[in-house]
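Chemist: The structure under discussion is supplied below as structure tokens; questions concerning it will follow.
The values are calculated or read from the model by the stated rules, or taken from the named source; none is laboratory data. Every value quoted in this text rests on a predicted model; they were computed, and no experiment measured them. Positions of Cβ are backbone-derived with ideal geometry, glycine not excepted, and every protein chain shown enters the neighbour counts.
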Amino acid sequence: MRPSVILTTLAVLAASCSHSEPAPAVPSSPTLEALGQPVTFAYPSVDDAPDVTSARMRGKPTILVFLSTFDIASQAQARFLSMVQRRREPPIHAAAIVLEPKENRALVAMFRQSLGLNYPVALGDDELIAGKGPFGDVRAVPATVVLDASGRIVARREGLLKDDELEAMLGDR
């Protein structure tokens with residue numbers, strides 16, 4: 001790869017990071033109490049990975065990221081989540097939910113494969129894409145939701161979060 005291509009890619013990534021200001025919809029702190037009842041959801045995996053369901057995510061803290069394949073910040077978010085999931089002790093559940101139409105299933109599967117993501121990637125349903133799913137109004141990408149081991153929302157933020165920021169959202173969970 002030519003140095004100019006690498007520098008251009010890095011400049012675009014830096015620009016997309018520097019202009020986004022994540023606004024917490026729910027404060028994220030290690031002492032935050034779970035908000036309400038456990039959420040229930042089920043989204044089909046785009047490939048042979050397990051479906052992303054509330055039942056599968058119970059028992060461990062969970063980070064869900066909401067992405068799109070065409071957004072460079074979403075690509076970076078997916079990689080940051082991979083870093084956290086690989087090194088987190090005790091282990092956590094992680095998944096990405098892509099907010100794109102079902103027609104993009106093959107593209108989303110290639111997105112997962114090309115980024116080497118080691119967690120399930122699923123397609124959101126029409127309700128979630130419309131901002132009416134169990135996680136509230138999720139219309140911006142990337143967005144992140146943290147669930148406790150019981151499946152209750154304990155943190156939520158919009159915008160690109162680096163791996164250390166994702167870790168901080170987990171707190172001591």
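Chemist: Would you check if there is a residue in region 150-168 being of a type outside the set (D, E), over 21 Å from Q85 (Cα atoms) and assigned to a loop (DSSP other than H, G, I, E, B)?
Modeler: No, because not a single residue in region 150-168 is of a type outside the set (D, E), over 21 Å from Q85 (Cα atoms) and assigned to a loop (DSSP other than H, G, I, E, B).
Chemist: Kindly provide the set of residues from region 99-119 that are of a type in the set (D, E) and in a loop (DSSP other than H, G, I, E, B), ordered by number.
Modeler: Within region 99-119, just E100 meets the criteria.
Chemist: Got at least one residue in region 78-98 being assigned to a helix (DSSP H, G or I), in contact with a strand residue (DSSP E or B) (Cβ under 9 Å, 6 or more places away or on another chain) and either at pLDDT below 95 or of a type in the set (S, T, N, Q) (or both)?
Modeler: yes
Chemist: Of all residues in region 21-44, which are of a type in the set (G, A, S) and modelled with pLDDT of 95 or more?
Modeler: A42
Chemist: Which of the residues belonging to region 103-134 are surrounded by 12 or more Cβ atoms within 10 Å (Cβ to Cβ), free of Cβ contacts under 8 Å to residues at least 60 places away in the same chain and more than 15 Å from Q77 (Cα to Cα)?
Modeler: Listed by number, the residues that qualify are N104, R105, L107, M110, I129, A130, G131, K132.
Chemist: Does any residue in region 155-173 that is within 12 Å of A143 (Cα to Cα) come within less than 9 Å, Cβ to Cβ, of a residue that is of a type in the set (D, E) six or more places away or on a different chain, and which pairs are these?
Modeler: Once the first residue is within 12 Å of A143 (Cα to Cα) and sits in region 155-173, its partners that are of a type in the set (D, E) give R157/E165; G159/E21.
Chemist: Are any residues in region 152-166 touching a helix residue (DSSP H, G or I) at 6+ places or on another chain (Cβ under 6 Å) and either surrounded by fewer than 21 Cβ atoms within 10 Å (Cβ to Cβ) or farther than 15 Å from V39 by Cα (or both), and if so, which ones?
Modeler: L160, K162, D163, L166
Chemist: Of (1) part of a loop (DSSP other than H, G, I, E, B); (2) modelled with pLDDT under 95, L128 satisfies all except one. Which?
Modeler: The single condition L128 does not satisfy is (1).
Chemist: Quick check, is V146 modelled with pLDDT under 95 and buried (at least 21 other Cβ atoms within 10 Å of the Cβ)?
Modeler: no
Chemist: Continuing with this model, one more query. What's the number of the only condition in (1) touching an Asp or Glu at 6+ places or on another chain (Cβ under 9 Å); (2) more than 20 Å from I129 (Cβ to Cβ); (3) at pLDDT 95 or above that S68 fails to meet?
Modeler: (2)
Chemist: Restrict the check to region 101-122 and report whether at least one residue is on the phi < 0 side of the Ramachandran plot, of a type outside the set (G, A, S) and in contact with a Gly (Cβ under 8 Å, 6 or more places away or on another chain).
Modeler: no
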